[in-house]
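The structure appears right after this line, and notes come after that.
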Amino acid sequence: MSKKIVATDNAPKALGPYSQGVVLTECKNLVFSSGQVAIDPATGKLVEGDVVAQTHQVFKNLNAILAAAGSSLKNVIKTTVFLKNMDDFKAMNEVYASYFDGNFPARSTVQVVKLPLDVAVEVEVIAYVA
């Protein structure tokens, strides 16, 4: 199986041994992003603010990775959202919805004990390359 590693300076560099995304060319050009947190790629620092500000940055990062892979948010077919606190679900959900045109991807949302850099939210996506 052939895979293409996605790497862009427009999203934060990996914090560990993983790629920003992977395109599997024999699987109808699917791209699998790594989970993204609210790091500003220009500064390398976590954005200030609550789950709303963090979710916006997460989607900016996902947008950059998908663009580098030749895809976009409109091609996302599955997301997984990790929340530090499920009480943030409504606020995260409102921001999340604003990044899609109404044809929402399938999604799982789970609360976790802790996320990298102690962030409030992390999101990973699976999309296709049109």
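The values are calculated or read from the model by the stated rules, or taken from the named source; none is laboratory data. As the structure is a prediction and not an experimental result, all values here were calculated from the model. In this analysis, Cβ positions are derived from the backbone assuming ideal geometry, glycine residues included, and neighbour counts consider all displayed protein chains.
Please enumerate the residues belonging to the range 54-105 that are within 22 Å of ASP9 (Cβ to Cβ) and of a type in the set (Gly, Ala, Ser).
Within the range 54-105, ALA64, ALA67, ALA68, ALA69, GLY70, SER71, SER72 meet the criteria.
What strands (runs of 3 or more DSSP E) completely inside the range 1-43 contain at least 1 residues that are at pLDDT 95 or above?
By residue number, 30-33.
Report, by residue number, each residue of the range 57-90 that is surrounded by fewer than 16 Cβ atoms within 10 Å (Cβ to Cβ), closer than 18 Å to GLY102 by Cα and not β-branched (Val, Ile, Thr).
The answer is SER72, LYS74, LYS78, LYS90.
All but one of (1) aromatic (Phe, Trp, Tyr); (2) surrounded by 15 or more Cβ atoms within 10 Å (Cβ to Cβ); (3) closer than 19 Å to SER33 by Cα hold for PHE104, so report the exception by its number.
(2)
Is one or more of the residues making up the range 49-57 modelled with pLDDT of 95 or more, part of a helix (DSSP H, G or I) and under 30 Å from SER2 (Cα atoms)?
No - not one qualifying residue is present in the range 49-57.
Please verify whether the range 114-125 includes one or more residues that are buried (at least 17 other Cβ atoms within 10 Å of the Cβ), touching a Pro at 6+ places or on another chain (Cβ under 8 Å) and small (Gly, Ala, Ser).
Checked against the condition, which is being buried (at least 17 other Cβ atoms within 10 Å of the Cβ), touching a Pro at 6+ places or on another chain (Cβ under 8 Å) and small (Gly, Ala, Ser), the range 114-125 yields no hits at all.
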